[in-house]
Amino acid sequence: MRIACITAGAGRMYCGSCLRDNVLAMALLDAGHDVLLIPTYTPTRTDETNVSQHRVFLGGINIYLQQRFALFRNSPQFLDRMLDFRPLLKVLTRLGISVDPADLGTLTVSMLQGKDGSLRKEILKLARFIGNELRPEIVNLPNSMLISLAPAIKAEMKVPVCCTLQGEDLFLEALREPYRSKALQIIREHAASVDVFIAVSHFGAQSMAGYLGIDRNRIRVVPLGIHFEGFHARSGAEPEPFTVGYLARITPEKGLHILCEAYRILRSRIPSARLRVAGYLAPEHKSYLARIRHDMETWGLSGEFQYDGELDRRGKLNFLHDLNVLSVPEPYADPKGLFLLESMAAGVPVVQPRHGAFTEIVETTGGGILVQPGNPEHLAQALWELWKDPARRKELGLRGYDGVRAHYSATHMAEKALAVYQSLLSPRTAGTPS
């Protein structure tokens, strides 16, 4: 099968959606399919072999200039290609430019307007590249923020178009009005051009069906999957002192402040511990981390708090092997949870809020404990119970280690995705929800 998969670059950040898209493309290639992974906005950054195409479409510089200045909407192709030059886009991402949705309302709406908006040239350029040069049997969009490509692609070629749903409601909800309402309206209008939507969890399918007004029967579930190379259960003694870990972006919606409060409560009950934190820190969230550091210092715990920055794959594996337990207590009901799969793949149990995709991942694998969302006391209690019961920690770690391999492998994800694609090429089987 010849599949064109579009992925959305996130600048210099290791983005969970980029990692997922790249792993899926790798697994489909390994299965013998002809897959072309097309980056948009910026080159993608992954912690494994990057299989995306060299050329970047909808480059960040071009869409910014065309949005701001009408002159660039008719610029010659050679200039566009220069502005989409991959090294130039990489330099741009190193500047740490904010992608705060609160600042991106106009550009978001323009992107969603597609061939009817100010970014018409860039949308048609990608649609025609796919239609004229790639000629795929299936096209997969990475999220609903690029749904305007669906009608443009359909106008160029008669192929099924899938659209993955990966938690973009968090971005949409952060848009200022009237941009949020306008963006949702346009997404709902373009939804008719999508043959099937793909959610990465059952929770995500249900929540996005309601949020975007999509018939649930039009959404299939293709759970996340990861490669397990390098992930091994720790051998030998556990780390001392008891080490709680956090592996996610440093941002309020990921709940590091909740974990720190729970850690403060935990430390009032046990003699010693450590809190190790890793993840991407955007410029707009440096003050958030500064407040957390101040709180930890006020509580007399600053010496136990360690921020390791953003980690590559080797660093992530070493980080996980140095933990007794991992927790990312998001107040937001996350439809993904890639960090849970990575933690369990290393045999590290998790403690997570009972909402979003966390519930189905933990219940499916058996690799952790679920607690009341947004409640530091409940989280601290669960951490304390694991501290005092090493046998239970080991049991949960082993369950997670086995469970994630049984249900969340890259191969399993690819098989589920292929079943969706094949159903679209065999109309008699299409339309069956999962």
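Summary of computed values
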read-out	value
Charge dipole (region 304-387, unit charges on Cβ, about Cα centre) - positive-most of Leu317, Gln306, Trp384	Leu317
Cys with no candidate disulfide partner in the chain (beta-carbon separation under 4.7 Å rule)	Cys5, Cys162, Cys163, Cys260
Helix 390-407 vs. the chain, principal-axis angle (Cα, 0 to 90°, nearest 10)	20 degrees
Share antiparallel - DSSP beta bridges, region 243-407, percent rounded to 5	0 percent
Principal axis dimensions, region 243-407 - Cα atoms, whole angstrom, descending	42, 34, 29
Subset of Lys154/Lys182; Lys125/Lys316; Lys316/Lys394; Lys336/Lys394; Lys182/Lys254; Lys286/Lys316 violating a 29 Å alpha-carbon distance limit	Lys125/Lys316
For the chain, built as a Gaussian network whose Cα springs stay under 10 Å, the top-fluctuating residue of Leu341, Leu418, Leu326	Leu418
Test item: Cα-centred dipole of region 243-407, Lys/Arg +1 and Asp/Glu -1 on Cβ, debye	300 debye
Extreme residue, positive dipole direction of the chain, given options Gly59, Ile361, Ser272 (C-beta unit charges)	Gly59
Stokes-Einstein D for region 310-398, Kirkwood Rh over Cα pairs, 37 °C, 0.692 mPa s (µm²/s)	250 µm²/s
For region 238-267 versus region 4-42, the gap between their alpha-carbon centres in whole angstrom	30 Å
Point-to-point label distance, Glu48-Glu385, nm (Cα→Cβ direction, 7 Å offset)	3.3 nm
Relative contact order, percent, region 243-407 [alpha-carbon distance under 8 Å, six or more residues apart]	25 percent
Total charge dipole magnitude, the chain, about the Cα centre, Cβ charges on Lys, Arg, Asp, Glu only, Debye to nearest 20	800 debye
Sorted peptide list for 328-337, 394-403, criterion being average Cβ within 10 angstrom, highest first	328-337, 394-403
Rel. contact order, % - alpha carbon contacts under 8 angstrom, at least six apart, the chain	14 percent
Region 166-295: relative contact order in percent, alpha carbon pairs under 8 Å with at least 6 residues between	19 percent
Asp34-Asp312 FRET efficiency (beta carbon distance; Förster radius 25 Å; 0.05 resolution)	0.30
Between 0 and 90°, nearest 10: helix 376-388 axis offset from the chain longest Cα axis	60 degrees
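No lab work stands behind these numbers, since they all come straight from the coordinates. As the structure is a computational prediction, the values presented were derived from the model and not from experiment. FYI the Cβ positions are ideal-geometry reconstructions off the backbone, even for glycines, and counts take in every protein chain you see.
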